Amino acid sequence: MSDLTMRISYVLAGIDMNQPKEVTLGFMKTSDELHLNYVPRFGFRLGMLLRDIFGYNITWVFNNMWSETWSTGGALGEIRDDRVDQSTCLYAMDAPRLENIWVVFEAAKIRTTFFFLAYHNSEISVNRLAKPFHCTVWICVIVVLTVFSFGLREVLILERRLHHGRTSAPSFFSTMLSSFGTICQQSSLIIPRTLGGRLSCVFFLIASYLLYNYYTSSIVAFLLGPPVKSDIKTLRQLADSNLKVGLDDIPFTRAYLNYQEPEISYFIKKKIKPLKDEETVWLPADEGIQETRNRRFAYHCEVSVAYIFMDKYYTPDEVCDVNMVDLMSQKSLAILLKRGSPYRDAFKTK
């Protein structure tokens with residue numbers, strides 16, 4: 001095949017399209033900063049390997065877009081329109097993409113995900129303080145506290161009328177404050193003098209003691225326990241969370257965000273559209289992984305790239321607190337040919 005010249009496309013992000021092709025190809029061949037355009041550079045090396053195996057010549061066709069949507073436009077459209085013979089962009093194999101396309105071979109698998117850190121157990125929030133009891137239990141506590149405060153005030157008014165040595169009765173808010181102090185194990189300055197009133201206080205003290213001990217033991221167990229994983233498990237939950245997000249700027253991710261899936265559309269609506277400048281969501285992997293350390297930020301990139309910077313920046317405790325939410329399921333990446341290409345038989349033979 002030494003007399004043949006293959007038109008092969010490759011995709012790069014963040015590269016000046018007007019710079020000399022020799023500069024671009026030099027970047028593709030170098031091993032510096034492998035986290036930049038890592039999928040295209042891997043595909044480029046496979047393309048060079050295929051050239052050495054088959055002996056054909058190559059005309060490289062540069063593109064800055066994998067596809068305009070998940071299955072049309074960009075370098076993918078160049079294959080369908082017969083403007084190139086082959087693509088080393090390593091496309092994810094999906095049914096909509098395989099119309100009029102042949103797969104030369106599966107080259108790799110890719111998994112991209114959001115990384116973020118769970119809160120430390122020592123970071124007690126209002127939500128954490130309320131968690132030991134269900135919402136209905138808290139409502140019952142407030143109702144019992146109110147009823148007891150009202151009953152205590154009526155007992156004290158009755159004692160004043162029956163001349164049990166009491167010249168005045170406290171207000172409802174005073175008895176409410178006293179009851180709240182009792183629940184918090186701070187005792188009470190208001191003590192009934194009748195037997196019935198004192199028995200009511202004893203029962204209330206016992207109930208408060210049990211309630212307080214269960215509550216404090218739950219909080220202490222949380223503080224001393226292992227790191228708690230986040231409740232965020234799906235892309236929709238991430239979209240509804242208060243976490244800010246950032247994404248690695250690679251054509252693969254930009255193309256996938258144009259995929260009209262309900263979960264993707266919902267995520268874009270909640271996390272990207274509200275931004276004043278939507279381009280600020282795209283961050284380099286180095287900066288994005290560092291940003292996750294503030295525990296209020298989720299960053300999306302390919303897992304092998306993330307591990308490089310986690311090893312560089314994360315402490316052992318932070319590694320234990322890592323949570324992941326997939327933007328997409330793991331994909332198989334393949335080198336593609338246009339359906340009907342005369343080169344397919346040659347690849348199958350080899």
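Worth a mention:
- A Cβ-based charge dipole, computed about the Cα centre of the range 126-224 with Lys and Arg at +1 and Asp and Glu at -1, lands at about 140 debye.
- Considering only beta bridges that DSSP places wholly inside the chain, some 60 percent are antiparallel.
- Long-range tail of P(r) for the range 242-350 (Cα pairs > 25 Å, %): 36
- Surrounding net charge for A107, when Lys and Arg each add one and Asp and Glu each subtract one, Cβ distance under 14 Å: +3
- About the Cα centre, charge dipole magnitude for the range 169-328 (Lys/Arg +1, Asp/Glu -1 at Cβ), debye: 1100
- Distance from the range 24-43 to the range 322-337 (C-alpha centre basis), Å: 19
- Fluctuation leader among V303, V23, V84 - the chain, Gaussian network, Cα springs under 10 angstrom: V23
- Farthest positive-ward along the chain dipole, Cα basis, beta-carbon charges - from Y10, A118, F148: F148
- Entries of K233/K269; K29/K276; K131/K244; K131/K276; K244/K312; K276/K331 with Cα pairs more than 27 Å apart: K29/K276; K131/K276; K276/K331
- About the centre of its Cα atoms, the chain shows a dipole size close to 1520 debye [charges on the beta carbon of Lys, Arg (+1) and Asp, Glu (-1) only; nearest 20 debye].
- Summing Lys and Arg as +1 and Asp and Glu as -1 over all other residues whose Cβ lies under 10 Å from the Cβ of V305 gives a net charge of -3.
- Evaluating kT/(6 pi eta Rh) at 25 °C and 0.890 mPa s, with the Kirkwood radius of the chain over Cα pairs in the Stokes-Einstein relation, gives 96 µm² s⁻¹.
- The ellipsoid that matches the Cα gyration tensor of the range 126-224 has semi-axes, each √(5λ) in whole angstrom, of 31, 13, 10, with the longest given first.
- Were the residues from S187 through N18 laid out at 0.36 nm apart, the gain over their Cα-Cα distance would be 53.0 nm.
- Candidates F115, F54, F42, ranked by Gaussian network fluctuation over the chain, Cα under 10 Å, top entry: F54
- Label-point gap, in nm, between R7 and T194 - each point 7 angstrom along Cα→Cβ: 10.0
- Normalised by the number of residues in the range 126-224, the mean separation of alpha-carbon contacts (under 8 Å, six or more apart) gives a relative contact order of 26 percent.
Computed from the coordinates by the stated procedures, all read-outs in this text should not be read as laboratory data. Just so it is clear, the model here is predicted, and its values are computed rather than measured. Every residue, glycine as well, gets a Cβ built from its backbone with ideal geometry; the counts of neighbours run over all protein chains shown.
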